[in-house]
1. I'm told residue B:37 meets every condition in (1) more than 9 Å from chain A (Cβ to nearest Cβ); (2) at pLDDT 80 or above except one. Can you identify the failing condition by its number?
2. For segment A:92-129, name all the residues that are touching a residue at least 24 places away in the same chain (Cβ under 8 Å) and facing chain B (nearest Cβ under 7 Å).
3. Only one of B:76, B:89, B:19 is within 13 Å of chain A (Cβ to nearest Cβ), at pLDDT 55 or above, more than 21 Å from residue A:136 (Cβ to Cβ) and in contact with a helix residue (DSSP H, G or I) (Cβ under 8 Å, 6 or more places away or on another chain). Can you tell me which?
4. Need a quick list: helices (runs of 4 or more DSSP H) entirely within segment A:29-145 having at least 3 residues that are within 30 Å of residue B:16 (Cβ to Cβ) and either touching a strand residue (DSSP E or B) at 6+ places or on another chain (Cβ under 6 Å) or modelled with pLDDT of 90 or more (or both).
5. Between a residue in segment A:72-91 that is more than 7 Å from chain B (Cβ to nearest Cβ) and any residue that is part of a helix (DSSP H, G or I) and at pLDDT 85 or above, which pairs come within a Cβ distance under 8 Å, given they are 6 or more apart or on different chains?
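The values are calculated or read from the model by the stated rules, or taken from the named source; none is laboratory data. Nothing here was measured: the structure is a model prediction, and the numbers come from that model. Here Cβ is always computed from backbone atoms with ideal geometry, including for glycine, and neighbour counts include all displayed protein chains.
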């Protein structure tokens, strides 16, 4: 099985109920159904009020609409280890909830394969925060006046 | 009605850590170029402990100067310089 570029994403939410809101589930469903991404692994991290880390599997959360994970859930291999969760949890405040997801950039697989065929070598792969883009664009406007 | 489809078994998650394995292979691989290492070092310096001796220049100014030197030495392209500078300015 060809595996496309894999990415790890951890997002903090105000509470576990914010994550299960329909908007996120629908948005993820669209991405998965369009084969834009595949969800490789997903879990949830909670830190209680005394800093204890609790890890929850998707199976533990009652309110999740499993149908969005159905095509993938059989493939979830548990690649994220408990050690990863402990490392990531260090950056969590007490009384917080985060979703941790490992996904495949399925959309990029063919493109990546062509680059490999051409013996291209990855030098840089950075997500640029929108605040940086805005700042640089604003500075460019100033320069061109 | 939600169709609930649980996995056969919940993963144990006792295997090697992804982040640790990544850090180890990055240290020994040759994919990091001189320019990306230089950029990362410039950014990492911002996160280190407070300086032992009083600085002649504020830390940020020293890092911007270093970036400019890297660019002038040809170690950074104009694009990389702009990007690294933007990163220094927002963090």
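1. Single failed check for residue B:37: (2).
2. Passing the criteria: none in range.
3. Numbers: B:76 fails: more than 21 Å from residue A:136 (Cβ to Cβ); B:89 fails: more than 21 Å from residue A:136 (Cβ to Cβ).
The conditions single out B:19.
4. Details: elements: A:70-73, A:82-89, A:109-117, A:130-144.
Where helices (runs of 4 or more DSSP H) fall fully within segment A:29-145 and carry at least 3 residues being within 30 Å of residue B:16 (Cβ to Cβ) and either touching a strand residue (DSSP E or B) at 6+ places or on another chain (Cβ under 6 Å) or modelled with pLDDT of 90 or more (or both), they are A:82-89, A:109-117.
5. That search, which allows pairs on different chains as well, returns A:72/A:32; A:88/B:19.
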